[in-house]
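Participant: Please find one structure pasted underneath; my questions will follow.
The values are calculated or read from the model by the stated rules, or taken from the named source; none is laboratory data. On a predicted model such as this, the values are computed, not experimentally measured, just so you know. Positions of Cβ are backbone-derived with ideal geometry, glycine not excepted, and every protein chain shown enters the neighbour counts. Heads up: the accessible areas ignore ligands, DNA and RNA and are worked out on the full protein's heavy atoms, side chains in. Shrake-Rupley method; radii C 1.70, N 1.55, O 1.52, S 1.80 Å.
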Amino acid sequence: MSDISSLHNHGENIAPLLEKMPNEDAFYKASDIFQQLCDPTRLRILWLLAHCEACVQNVAITVGMSTSAVSHHLRILRQTGLITNRRSGKEVYYKLAETQTAKLIHKMIDDVFEMNCPQNKL
C-alpha cells in the first residue's frame, strides 16, 4: 500500500479504513469468485446447484453441454470453493458449498432471478 500520510484530507478520514483493507491476495481471490459469476454457463450451474444436489450427467443435460465440458466448469467452481462434491459409488454429486460466500451467492442468485428458494434460510 502507498504511504497513507500522502492522502489528501477532504474530511472523510479514510486512513483508518485503509488500515483494514485486505491484502492484494484477498482481492485476487475475490476476483476469481466474481469471474465465476460472469460466465453464463457457470452461473446456470450455480443456480442449479444452489437449489439441488446433482450429478455431472444431470448438470450436463440441464445446461445442454457435454459431460466433459460440464466437468471442466465444475472443477473450476470447486477450486474457487463455491461448490462441493461427494462420491456415492461411481457417481459424483455436486452442490453449492456451505460457506458464507456460497450462501451469499445463493441469495444473490435468488434475488437476481426473483425467486423464493424454500431451501434458503437467509
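Participant: When region 40-64 is examined, which residues are found to be over 18 Å from Thr101 (Cα atoms) and open to solvent by less than 60 Å² (accessible area, probe 1.4 Å)?
Facilitator: Within region 40-64, Thr41, Ala54, Cys55, Val56, Val59, Ala60, Val63 meet the criteria.
Participant: Name the residues in region 1-34 that are open to solvent by less than 100 Å² (accessible area, probe 1.4 Å) and under 19 Å from the mean Cα position of the chain (by Cα), would you?
Facilitator: Of everything in region 1-34, those that are open to solvent by less than 100 Å² (accessible area, probe 1.4 Å) and under 19 Å from the mean Cα position of the chain (by Cα) turn out to be Pro22, Ala26, Ala30, Ser31, Asp32, Ile33.
Participant: I've got another one for you. For region 102-121, indicate whether the set of residues that are part of a loop (DSSP other than H, G, I, E, B) and of a type in the set (Phe, Trp, Tyr) is non-empty.
Facilitator: Scanning region 102-121, I find at least one residue that is part of a loop (DSSP other than H, G, I, E, B) and of a type in the set (Phe, Trp, Tyr), so the answer is yes.
Participant: For region 49-100, what are the residues that are more than 17 Å from Asp39 (Cβ to Cβ), in a helix (DSSP H, G or I) and in contact (Cβ under 8 Å) with a residue 24 or more places away in the chain?
Facilitator: His51, Val56
Participant: Any idea which of (1) at positive phi; (2) over 11 Å from the mean Cα position of the chain (by Cα) is the one Gly81 doesn't satisfy?
Facilitator: (2)
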